[in-house]
Amino acid sequence: MEAARQIGVELTVASEQPSTLAAANPAGLLTLDFEQPQRAADAVRVFAQQYPINGVVGVDDRTALVAAAIATKLKLNGNPVHAAIAASDKYLQRQLLARATVPIPRFVLRELDEDPATIAKSIAYPCVLKPVRLSASRGVIRADSPQSFTSAHARLRAILADPETAAACGDRARQYLIEEFIPGYEVAVEGLVVNRRLHVLAVFDKPDPLDGPFFEETIYVTPSQVPSGLQKAITDCADRAVRALGITEGAIHAELRYNERGPWLIELAARPIGGRCSAVLRFGTGVTLEEIIVRHALGMPIPSLQRERQAAGVMMIPIPGAGTLQEVRGVAQAKGVPLVEDVQITAHPGERLVPFPEGSRYPGFIFARGETPAMVEAALRDAHRRLEFVLV
């Protein structure tokens, strides 16, 4: 919304729940059924007869699919629906990547109702259990033995039994993936696809190991310190994945690992980086990622895709435990750490915090900029040490 305001674009916000202000702002607020993308696209076509629409942007995995349906229906700049589906369905994504010989973990789709003890005796370890249509590492659990597999299966089954979660997963709510665990260092690639060509906007290092049993992310720092030759192999792998899924336009966020056998594609989403993490990225003379995305959707000139010279990083503040948040202490002290630009606490007093793998919502974010990635990482860790979450 701020990016649209900055460049003078009139914006309509579409959401699932009707707004009490919709009657006062009929051009700016629209209610759509995200569970039925084609029905949503039909509603937008009717809406556009009175309020013309020139571009559409999805902001997360679910709305990326709705945006693709709208773009197709209104002949706007966007992805074909089949590509958006492939990006949001981990099993379909794995099938397409395997067919295109993109390096990925070995995988198999299983039904939740199958006996976990029987499956546990027949698979190789370590492995990762993964829901097919959840994001932000929710429900992703590593198992190292038959016993830990059955325990992980029980937790995943309970997560997918939640009615709201089941509705979001649709027909995949009763299925899950078992994947080979890929050891190695993890990075993230942020990109913009323009007319089928991937433009890499940033490569993030993830300095904290993500070896499980759960996969809560913490720090992203850019530019990456991975050697340039290996970075090229990583971005080439991401580019091959984009082509394999049929993504033609818009933002992508990819997670990859690399080890002595090279890079491995872990996940690819047809959307920008999640949460408030995008604030870490600036381009040219201070252009935001959201402004680039809005300009691209509208076919407007993009001033620059070159990231700023300074190193930058964000910490997704780890969930401190299970409980109801009472208060957060030390925010002013954390903001006062040199190189720290901002500390945003997004959880509110009285909110229930749920750790991974059941949870997925971070309680806040810390942002820093400096001359080197190492200095930025140190500032993020220093600021985090000064925070105290009081839970009941």
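Do we find that Val9 is of a type in the set (Val, Ile, Thr), surrounded by 18 or more Cβ atoms within 10 Å (Cβ to Cβ) and in a loop (DSSP other than H, G, I, E, B) in this structure? No.
Determine if region 329-346 includes at least one residue that is in a strand (DSSP E or B), buried (at least 21 other Cβ atoms within 10 Å of the Cβ), within 21 Å of the chain's Cα centre (by Cα) and hydrophobic (A, V, I, L, M, F, W, C). Yes: one or more hits.
The sole residue among Leu298, Leu256 that is in contact with an Asp or Glu (Cβ under 8 Å, 6 or more places away or on another chain) and either under 30 Å from Ala69 (Cβ atoms) or among the small types (Gly, Ala, Ser) (or both) is Leu256. Scanning region 247-275 for residues that are among the acidic types (Asp, Glu) and either crowded, with 24+ Cβ neighbours inside 10 Å or in a strand (DSSP E or B) (or both) returns Glu255, Glu267.
Residues in region 1-33 that are of a type in the set (D, E, K, R) and within 25 Å of the chain's Cα centre (by Cα): Glu2, Arg5, Glu16, Asp33.
Yes/no matrix, rows are residues, columns are (1) of a type in the set (Ser, Thr, Tyr); (2) without any contact (Cβ under 8 Å) to a residue 40 or more places away in the chain; (3) within 30 Å of Asp144 (Cβ to Cβ); (4) surrounded by 14 or more Cβ atoms within 10 Å (Cβ to Cβ):
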site: Pro37; (1), (2), (3), (4): no, no, no, yes
site: Phe47; (1), (2), (3), (4): no, yes, no, yes
site: Ile53; (1), (2), (3), (4): no, no, no, yes
site: Asn77; (1), (2), (3), (4): no, no, no, yes
site: Val81; (1), (2), (3), (4): no, no, no, yes
site: Ala84; (1), (2), (3), (4): no, no, no, yes
site: Pro105; (1), (2), (3), (4): no, no, yes, yes
site: Ser122; (1), (2), (3), (4): yes, yes, yes, no
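One residue is enough: does region 382-389 have a residue meeting the conditions in contact with a strand residue (DSSP E or B) (Cβ under 6 Å, 6 or more places away or on another chain) and either charged (D, E, K, R) or not in a helix (DSSP H, G or I) (or both)? Yes, that holds for at least one residue.
May I ask you to list the residues in region 288-318 that are assigned to a loop (DSSP other than H, G, I, E, B) and either free of Cβ contacts under 8 Å to residues at least 60 places away in the same chain or closer than 30 Å to Asp208 by Cβ (or both)?
Taking region 288-318 and keeping what is assigned to a loop (DSSP other than H, G, I, E, B), we get 299-306, 308-310, 317-318.
Listed by number, the residues that qualify are Pro301, Ile302, Pro303, Ser304, Leu305, Gln306, Glu308, Arg309, Gln310, Ile317, Pro318.
Of the residues that sit in region 22-35 and are over 24 Å from Met300 (Cβ atoms) and in contact with a strand residue (DSSP E or B) (Cβ under 6 Å, 6 or more places away or on another chain), which one is surrounded by the fewest Cβ atoms within 10 Å (Cβ to Cβ)? Out of the qualifying residues, it is Ala22.
Take the residues of region 185-236 that are of a type in the set (Gly, Ala, Ser) and either part of a loop (DSSP other than H, G, I, E, B) or touching a helix residue (DSSP H, G or I) at 6+ places or on another chain (Cβ under 8 Å) (or both): which is surrounded by the fewest Cβ atoms within 10 Å (Cβ to Cβ)?
Here is the first cut: in region 185-236, the ones of a type in the set (Gly, Ala, Ser) are 188, 191, 202, 212, 224, 228-229, 233.
Now restrict to residues that are either part of a loop (DSSP other than H, G, I, E, B) or touching a helix residue (DSSP H, G or I) at 6+ places or on another chain (Cβ under 8 Å) (or both): 191, 212, 224.
Values: Gly191: 25, Gly212: 17, Ser224: 19.
The extreme case among them is Gly212.
One residue stands out among those in region 352-381 that are touching a Gly at 6+ places or on another chain (Cβ under 9 Å) and assigned to a strand (DSSP E or B): the one that is surrounded by the fewest Cβ atoms within 10 Å (Cβ to Cβ), which is Arg352. Quick check: anything in region 151-172 outside the structural domain of Val354 (by TED's automatic domain parsing) and part of a strand (DSSP E or B)? There is no residue in region 151-172 that is outside the structural domain of Val354 (by TED's automatic domain parsing) and part of a strand (DSSP E or B).
The values are calculated or read from the model by the stated rules, or taken from the named source; none is laboratory data. Being a predicted model, the structure only gives us computed values, none of them experimental. Please note: Cβ atoms are built from the backbone with ideal geometry, for glycine as well, and neighbour counts cover all protein chains shown.
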